[in-house]
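**Q** Provided herewith is a single structure, encoded as structure tokens, for subsequent inquiry.
The values are calculated or read from the model by the stated rules, or taken from the named source; none is laboratory data. Owing to the predicted nature of the structure, the values given are computational and were not obtained by experimental measurement. Using ideal geometry, Cβ is built from the backbone for each residue, glycine included, and neighbour counts are taken over all protein chains shown.
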Amino acid sequence: MRGINDAIAGIAEETAEQVTGLQAATSDLGRIGAEIGATSHQAAGAKETCDDLHTVILELGQTIRQFHVQRQAPKTAFAPSYSTPAVVAPVGRAGETMGESSDGVDDSYGLQGRLAGWGR
């Protein structure tokens, strides 16, 4: 009978060792599951950030295209006028000669007239 008791005691010891091993494995799997959950949460946040960034990139591209079109529109609409330089006659009061203004500023190159022409 002693042989049977020893065999049962050996099986009980091995079972206890296996239970300890299974508990350690279960604990490790629980920790790994928690880490996967945290990583999944981070990945979801990164996806939202990427989606927002993608939207910003698309809006920026659209804005750049609009500015490009707006800059090209005057060139195509007024292309012939750029081929010949525009001459702006100085505007003055009666009795003033070219280059002399009533504010005392020397405008011998017609700078005020040219600057006024830019506002058109």
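**Q** In a helix (DSSP H, G or I), surrounded by 10 or more Cβ atoms within 10 Å (Cβ to Cβ), small (Gly, Ala, Ser) and at pLDDT 90 or above: does that describe Ser40?
**A** Considered against the rule, which asks whether it is in a helix (DSSP H, G or I), surrounded by 10 or more Cβ atoms within 10 Å (Cβ to Cβ), small (Gly, Ala, Ser) and at pLDDT 90 or above, Ser40 comes out as yes.
**Q** OK, next. Do we have Tyr109 as of a type in the set (Phe, Trp, Tyr), surrounded by 10 or more Cβ atoms within 10 Å (Cβ to Cβ) and modelled with pLDDT under 85 here? Don't jump to the end; show me each part of the working.
**A** On the way: of a type in the set (Phe, Trp, Tyr): yes; surrounded by 10 or more Cβ atoms within 10 Å (Cβ to Cβ): no; modelled with pLDDT under 85: yes.
In short, no.
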